[in-house]
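A.B. asks: Sharing a structure, written as structure tokens. Questions coming.
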Amino acid sequence: MRSQGAWWRRGRHGALIAVGLAWCGAIPGVVLAQVGTSEMLVSAQTLDDPMTTDNPFGWLRTFSPGGSIDTSNAFFQALGTNGRSCNTCHRQEEAWSITPAGVRTRFEATAGTDPIFRRNDGSNSPLADVSTLEKRRHAYSMLLNRGLIRVGIGVPATAEFTLDSVDDPYGFASAAELSLFRRPLPSTNLAFLTGVMWDARETVAPFLPPMDAGVSQANLVASLRHQVLDATLGHAQAAAAPSEDQINQIVAFELGLTTAQIRDNRAGLLNDDDAMGGPRILASQRFHVGINDTLGADPTLAAFNPGSMSLFAAWNGSASASREERESVARGEVLFNTRPIAITSVGGLNDALDMPVIAGTCTTCHNAPNVGNHTVALPLDLGLTDASRRSPDMPLYTLRNRETGAVRQTTDPGRALLTGRWKDIGKFKGPILRGAVAHPPYFHNGSAARLEDVIDFYDTRFAIGLTTPEKRDLVAFLRAL
Ligand code: HEC
Ligand code: HEC
């Protein structure tokens, strides 16, 4: 859309806003303009597409079989009592998650009354005082600062551990309901899931590798259906379950979405010059459970290939105008596949294999080809919830092993609250990495504000010794997903 020489793009909330344009890459059919800034910005004409949204690093695009987003779907309807829909916490422009920036915009626009600001799980405590604007700012600080939702789960009666003590800055958590501050996982690219939710609590039956009858999504669909039910009763505080039709609509809608960054401000179009970025190519990515399993537990499946990312090889030695940026993305992909990491003390991996040190790479854990989650359900404890990494805004829980008396302090017991098992404390799934650039902050607890912070976490956690250029290349690659 062009109007009186101004260039327009779709803003964070779908409004069209004017931007200055400087263009450095030639796309057929796009009118070029130069406005005296060397920074490459956006092409208005492509962004006029409602499937494309902008973010600070480029454009994100969602692909759907119908070619559009059907906003009459039950996904966008308030099915409960508190005004919330799925779309309250799963927004297209925020890669179908939420970001603190987006949440703050809603807070300012509505004086903290948008349906995301509800006390059941939006505030730091369900008992928080939200009677004035200033009190709301305080009450919803975890949501406003880090995009975190309070997930309440109690210690199972049969657990191998007890909750010895609670240090909750918000004075609510107890063994009956721990307050677990977690990031909304994106409601897109779901066909690649091997577990639903950070702790896989909505996986109603394990997703299976292909059987004689071929690849089956039956357990994935059953799990997503169950998740819709729980989200409607929980997040949306519905008095009754959603109808079959509503559940079917929502699952069909979300399972049809494929999302990825399509343009990087520096490297340009991510499917240009024989690269394989963007959601349309992702939608045809071959995938089944166990397709590339590091542990190779299933002998009927092909052997593990650490080279699981192969989107940007063509940019190695790129001849385009954005050559340097493109080569950085390509180098980052190679580093992701090959940079040696001595993996130590990861619960679920080192102990499971009885190997104190595993000579791995990023793809040891992020092995789903061109997607980046794990191709079998494999909850892992990277140490993110350890007391040593606690920030003062997080609750801290002291757990005691009933049998051995051992004590562990954690900000979120993760999978252990489902299984009751001591060895599952702090375990979470590795999420899908496509489109991640559009939904900071990272990790289940939002502890990494930017992708740079994710890389720094790994560099120190595993003493990798990444150089500054290597870090830059890895970030350039992650941004291009
Ligand atoms: C108040 C915010 C909120 C609302 C409303 C909400 N969700 Fe979520 N969603 C979350 C959070 C937080 C998580 C991750 C929680 C966890 O794993 O413990 C999540 C996780 C998910 C996941 C799991 C994705 C994965 O990778 O495992 C799906 C799918 C999902 N939501 C779909 C929906 C649908 C469908 C609705 C509407 C029926 C909905 N959500 C409503 C916050 C919300
Ligand atoms: C030992 C397994 C393992 C290795 C090695 C590993 N990761 Fe991860 N990664 C995970 C798990 C598990 C999570 C989720 C952890 C959590 O939030 O509790 C994760 C999360 C992430 C996230 C955050 C995604 C989001 O949406 O929050 C990014 C980005 C990421 N990893 C990139 C990398 C890169 C780059 C490397 C290599 C330098 C790497 N990972 C190495 C297991 C691993």
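The values are calculated or read from the model by the stated rules, or taken from the named source; none is laboratory data. This one's a predicted model, so the numbers in the text were calculated from it and none came from an experiment. Glycine also receives a Cβ, built like all others from the backbone with ideal geometry; neighbour counts cover every protein chain displayed. Surface accessibility is based on the protein's heavy atoms, side chains included, excluding ligands, DNA and RNA. Shrake-Rupley method; radii C 1.70, N 1.55, O 1.52, S 1.80 Å.
A.B. asks: Exactly one condition in (1) near ligand 1 (Cβ under 8 Å from one of its atoms); (2) in contact with a Lys or Arg (Cβ under 7 Å, 6 or more places away or on another chain); (3) open to solvent by 20 Å² or more (accessible area, probe 1.4 Å) is not met by residue 199; state its number.
C.D. replies: Failing condition for residue 199: (3).
A.B. asks: A follow-up question, please. Out of (1) surrounded by 18 or more Cβ atoms within 10 Å (Cβ to Cβ); (2) among the hydrophobic types (A, V, I, L, M, F, W, C); (3) part of a loop (DSSP other than H, G, I, E, B); (4) free of Cβ contacts under 8 Å to residues at least 60 places away in the same chain, what's the single condition that is false for residue 204?
C.D. replies: (1)
A.B. asks: What's the total number of residues in region 328-374 that are buried (at least 19 other Cβ atoms within 10 Å of the Cβ) and more than 24 Å from residue 285 (Cβ to Cβ)?
C.D. replies: Residues in region 328-374 being buried (at least 19 other Cβ atoms within 10 Å of the Cβ) and more than 24 Å from residue 285 (Cβ to Cβ): 6 in total.
A.B. asks: A further question on this structure: If residue 397 passes every condition in (1) within 16 Å of ligand 1 (Cβ to nearest atom); (2) hydroxyl-bearing (Ser, Thr, Tyr); (3) within 18 Å of the chain's Cα centre (by Cα) but one, which one does it miss?
C.D. replies: Every condition holds for residue 397 apart from (3).
A.B. asks: Could you go through region 412-434 and let me know if any residue there is over 26 Å from residue 204 (Cα atoms) and within 16 Å of ligand 1 (Cβ to nearest atom).
C.D. replies: For region 412-434, residues over 26 Å from residue 204 (Cα atoms) and within 16 Å of ligand 1 (Cβ to nearest atom): absent.
A.B. asks: Out of 281, 250, report the one residue that is more than 16 Å from ligand 2 (Cβ to nearest atom), part of a helix (DSSP H, G or I) and without any contact (Cβ under 8 Å) to a residue 60 or more places away in the chain.
C.D. replies: Residue meeting the stated conditions: 281.
A.B. asks: Within region 457-472, is there a residue that is away from ligand 1 (no atom under 16 Å from the Cβ), assigned to a helix (DSSP H, G or I) and among the aliphatic types (A, V, I, L, M)?
C.D. replies: Scanning region 457-472 turns up no residue that is away from ligand 1 (no atom under 16 Å from the Cβ), assigned to a helix (DSSP H, G or I) and among the aliphatic types (A, V, I, L, M).
A.B. asks: For the condition at positive phi and modelled with pLDDT under 95, what is the one hit in 372, 317?
C.D. replies: That would be 317, the only listed residue that is at positive phi and modelled with pLDDT under 95.
A.B. asks: Might you check whether a residue that is touching an Asp or Glu at 6+ places or on another chain (Cβ under 8 Å), among the polar types (S, T, N, Q) and more than 16 Å from ligand 2 (Cβ to nearest atom) occurs anywhere in region 214-228?
C.D. replies: Within region 214-228 (the criterion being touching an Asp or Glu at 6+ places or on another chain (Cβ under 8 Å), among the polar types (S, T, N, Q) and more than 16 Å from ligand 2 (Cβ to nearest atom)), the answer is yes, since at least one residue qualifies.
Rundown of residues vs (1) of a type in the set (S, T, N, Q); (2) touching an Asp or Glu at 6+ places or on another chain (Cβ under 7 Å); (3) not in a helix (DSSP H, G or I), yes/no style:
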| position | (1), (2), (3) |
| --- | --- |
| 49 | no, no, yes |
| 66 | no, no, yes |
| 103 | no, no, no |
| 108 | no, no, no |
| 115 | no, no, yes |
| 130 | no, no, yes |
| 135 | no, yes, no |
| 150 | no, yes, yes |
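A.B. asks: Quickly run through region 273-284 and pick out the residues that are closer than 15 Å to residue 316 by Cβ and surrounded by fewer than 21 Cβ atoms within 10 Å (Cβ to Cβ).
C.D. replies: Passing the criteria: 273, 274, 276.
A.B. asks: Listed residues 430, 405; which is within 11 Å of ligand 2 (Cβ to nearest atom) and either more than 20 Å from the chain's Cα centre (by Cα) or assigned to a loop (DSSP other than H, G, I, E, B) (or both)?
C.D. replies: So the residue among 430, 405 that is within 11 Å of ligand 2 (Cβ to nearest atom) and either more than 20 Å from the chain's Cα centre (by Cα) or assigned to a loop (DSSP other than H, G, I, E, B) (or both) is 430.
A.B. asks: Checking the conditions here, which among 423, 471, 429 is touching a Leu at 6+ places or on another chain (Cβ under 8 Å), open to solvent by 30 Å² or more (accessible area, probe 1.4 Å) and modelled with pLDDT of 95 or more?
C.D. replies: Result: 429 is the single residue among 423, 471, 429 that is touching a Leu at 6+ places or on another chain (Cβ under 8 Å), open to solvent by 30 Å² or more (accessible area, probe 1.4 Å) and modelled with pLDDT of 95 or more.
A.B. asks: Could you go through region 378-388 and let me know if any residue there is farther than 30 Å from residue 220 by Cα, of a type outside the set (A, V, I, L, M, F, W, C) and open to solvent by less than 70 Å² (accessible area, probe 1.4 Å).
C.D. replies: Yes: region 378-388 contains one or more residues that are farther than 30 Å from residue 220 by Cα, of a type outside the set (A, V, I, L, M, F, W, C) and open to solvent by less than 70 Å² (accessible area, probe 1.4 Å).
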